[in-house]
Amino acid sequence: RQRLATLAQLDDDVATAIDAELAAIAADPDALDALLLRQNYRLAHWRTADEELDYRRFFSITTLVGVRVEDEAVFRESHRLLAELVEAGRITGLRIDHIDGLRDPLGYLQRLREIAPQAYIVVEKILQHGESLPDTWPVEGTSGYDQLIAIGDLFVDTEGELALTAAYNRFVDQATSFREVEHAAKHQVMAGELAAETERLTGLLAEVCASRRRHRDHTRRDLRDALREVLAAMTVYRTYVVPGQEPSATDRELVAAALDAAAKSRPDLDPELLDLLGQVLLLDAAGEAETELAVRFQQLSAPVMAKGVEDTAFYRYGRLLSLNEVGGDPGTFGRGVDAYHEHCRHLAESWPASMLTSSTRDTKRSADVRARITLLSELPRAWDDALQRWSARNETHRSAAGPDRETELLLYSTLVGAWPIDADRLVAVMAKSTKEAKVHTSWTDPDEPYDAAVEAFTRAVVEDAVFVADLERFLDEHRIVELGRTTSLAQATLLLTSPGVPDIYQGTELWDHSLVDPDNRRPVDHDQRSRLLDELVDAGPADALAHLDDGGAKLWTIATILRHRRRDPAPFRSSTYRPIAATGEKARHAVAFERDGLVVVVPRLLVGLGDDWDDTSIEVPAGGGWIDLLSAAKVEPGPTALADLLDAFPVVVLAREDDSR
C-alpha cells in the first residue's frame, strides 16, 4: 500500500512538471514551433495542401493518406485481418473501391487473389463507353456502373436530341457543348483541388527535361500547361502502363489520342515537348524520373476525371440530368437497343459474374428518379414550354444574387424526378449541387449571398401554390409518375436477368426517389418491406399492380424473379445471350433477349408507345413450352403479339415450363 502511494505521488509530480513545461511552451510561440517541428508532420493551414503536399491522398481529402500497398510488407500488414477473415470463411466477397488510384492495380489484385483464392472479387472500375476491363485482372468484374449506364441509355429517345438540346440552350441562354464544359472543369480542378498533385508531376517532367538538351529551356509554365492539357484530353480514367512491360495497343492508342487532342486544343504547345511526354507516358523513354512520371500520371488522371467530370461538370450541364451519372456521358444522348445487346453479349462472354447495379451510395439520382427524368427525352417541346412558363412564374422569387439559369433548370429537373419532396431535402440537394459545380460557390470558397439566394428561391418555389399546381398538372398530363414506374419495373427486370450478379441498393426494393448523398443514405424501413413482402408472397400480377402506390409492385417483381433465380440458377449464369428482334410498327419500343432457358421482354420509350403495341410481335424461341414467371401464363413458341404477351403485367420473364416450378 505504501509503495502504491509513493508511485501515485511520483505520477502527480511528473504530471505537474509536464503541465508546467507545456504552459511555458504554449506561452512562447518559438518554443511551440520548435516542438511541433519535431513531429513526423508539419501542421499547416488547410489550404496549403492544395498546392504543396508530399504524400498521396484520397482525391483532395488531405486527412486520408494513401497507403503504399505496392510494397509487399505494407500489403501484408494492412491486409492481415482481411486475410484472417477470408480464411475463416467470415468474408466470401470483396468490393475494391477506387482501384484506379493504385500505383499498380494488377499487382495489387494478384496479391489479393493469393490471400483470397476463392473469394468473389469485383472492382469499382468506371468504364467509359467502348472501354473494357483489363482481361488480365483476376476478378469477377466491376461493381456495376457500366450496367447502370447501359440500362439508362437504353431508355433515352435518341430522336429527341435536337429538340431537347434546343430547349436546353434556349433556357440557359448558351450553346456550350458538354465536351467544352468537361474540358474547363478538368482544368479547374487541376489548378485548384489537385494542384499539389499536378505540381508534383510538373517537377518530375522538369527533371526529365533537364537531362535533354533540346528541352532544358522549357519553363515550368510550359511543362505544367502540357501536362494539364494532356490530362484534360484523357477520355478514360487511366491507362495501365507497367514498368518493365510492353504497353498494350489500347494504352498506346489512348495516349496518342490524348496527345493529338492536346495539340489541337493548344496549338501553341511545343510539339516536341508533347512527343517527349508521350514517350515517357508509354515508358519508351527510360530513367528513374521518367518511370515515376509515367506511374504518377496514371494515378492522377483518374482523380482528374472523377473530380473534374463526375463532381464538377455533371453539375454544370443539365440538358437531360438522368445522363449525368457515374460512368455516364451527358454529351451522348442515349444509345439504342443494339448497343444494349452488344454490351450484354460482352458481359456474358467475358464477365458473366460481374456485378450489376442501378443505384448505389454514390449515384447522384436513384434509378427511379432517373426513370422519370429520362421520359423528358420524349417530351422536348412540352418540357420547353414548361420551363419557359415556370421560369416566368418564379421570376418574382429570384434575387440579384441568384440563382443562375443552370441551377434553376437543375431544380425543375429534380422536381420532375423526385416530386413530392420536402423543402429541407431539396434545399440540401441544391446546396450540394451548386457547391460541386464550383461556378458561383464551392465548399472551399462559399459565396454566402449566392447560397442564401439559392435556398430562398428553392423554398419559395415549392411553397408557391400556383407553381406546384402547374408542376403537378405537367406530371399528370404526361403521366410522368405512371410511366416512370413502368420504366422502373423494366429497368429492375433487366438488372435481375441480364448477364451478371445483381446488386440491389438498400431501400430501392420499393420506389426510391433519393438524390445525391447523403440523401440516398437515409435510414431504410426494413419492417415495412418485410410486411409488404409477406403480404405479396402468393400474389399474382393484378394484386401486385394494386400496390403501385406503395411500391409493392416493384418488390413483388424483384422477389418473384429472385425466387426463380434461386430455384434454377443455370440460365442466369449462362454465357449465352441472344437478342430477339421485335417486328412491327412499335418494334423500337421493345427490348427482348434469350438466355439458356430464359426469355425476357420489357418495354421502352413509353410516351411514344402510348399503351398500344399495334402489330408488334416477337418470335418466342422453339424447344418446348414456356411459362411467364410473373403472370403464370403459358406461352407457346412461335410468333407472339406483344399486346398479348404484356397484357397482364408491364414486363415478361419466360422460363421453360419444366423449370418454372
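The values are calculated or read from the model by the stated rules, or taken from the named source; none is laboratory data. These numbers were taken from a predicted model, which means no experiment stands behind them. Glycine also receives a Cβ, built like all others from the backbone with ideal geometry; neighbour counts cover every protein chain displayed. Side chains are part of the model used for accessible areas, which takes the heavy atoms of the whole protein and leaves out ligands, DNA and RNA. Shrake-Rupley method; radii C 1.70, N 1.55, O 1.52, S 1.80 Å.
Residue-level check: of (1) modelled with pLDDT under 95; (2) open to solvent by less than 20 Å² (accessible area, probe 1.4 Å), Ala286 misses just (2). Whenever a residue of the stretch 454-479 is modelled with pLDDT of 95 or more, it has no partner that is part of a loop (DSSP other than H, G, I, E, B) and open to solvent by 70 Å² or more (accessible area, probe 1.4 Å) lying with C-beta atoms less than 6 angstrom away and at least six residues away or across chains. Can you tell me which residue within the stretch 493-529, out of those that are in a helix (DSSP H, G or I) and basic (Lys, Arg), is nearest to Val602 (Cα to Cα)? Once the filter is applied, the top-ranked residue is Arg529. For the stretch 427-444, a tally of residues being outside any helix (DSSP H, G or I) and in contact (Cβ under 8 Å) with a residue 40 or more places away in the chain returns 3. Restricted to the stretch 168-260, the set of helices (runs of 4 or more DSSP H) holding at least 2 residues that are at pLDDT 95 or above and β-branched (Val, Ile, Thr) comprises 178-191, 195-210.
Return yes or no: is Leu356 buried (at least 21 other Cβ atoms within 10 Å of the Cβ), among the hydrophobic types (A, V, I, L, M, F, W, C), touching a helix residue (DSSP H, G or I) at 6+ places or on another chain (Cβ under 8 Å) and within 16 Å of Val172 (Cβ to Cβ)? Criteria not met by Leu356. Among the residues of the stretch 531-549, those that are open to solvent by less than 60 Å² (accessible area, probe 1.4 Å) and either closer than 21 Å to Val501 by Cβ or in a loop (DSSP other than H, G, I, E, B) (or both) comprise Ala539, Gly540, His547, Leu548.
Has the stretch 446-453 got any residue that is touching a helix residue (DSSP H, G or I) at 6+ places or on another chain (Cβ under 6 Å), crowded, with 21+ Cβ neighbours inside 10 Å and modelled with pLDDT of 95 or more? There is no residue in the stretch 446-453 that is touching a helix residue (DSSP H, G or I) at 6+ places or on another chain (Cβ under 6 Å), crowded, with 21+ Cβ neighbours inside 10 Å and modelled with pLDDT of 95 or more.
Are any of the residues in the stretch 362-384 buried (at least 18 other Cβ atoms within 10 Å of the Cβ), without any contact (Cβ under 8 Å) to a residue 60 or more places away in the chain and either more than 22 Å from the chain's Cα centre (by Cα) or over 21 Å from Tyr237 (Cβ atoms) (or both)? Yes.
For the stretch 330-350, the candidate set comprises residues that are in a loop (DSSP other than H, G, I, E, B) and farther than 18 Å from Asn169 by Cα; within that set, the residue that is least open to solvent (accessible area, probe 1.4 Å) is Gly334.
The condition (being within 29 Å of the chain's Cα centre (by Cα) and in a helix (DSSP H, G or I)) is satisfied by just one residue among Asp424, Asp476: Asp424. Here the helices (runs of 4 or more DSSP H) wholly within the stretch 1-112 that include at least 2 residues being within 29 Å of the chain's Cα centre (by Cα) and surrounded by 10 or more Cβ atoms within 10 Å (Cβ to Cβ) are 72-78, 80-87.
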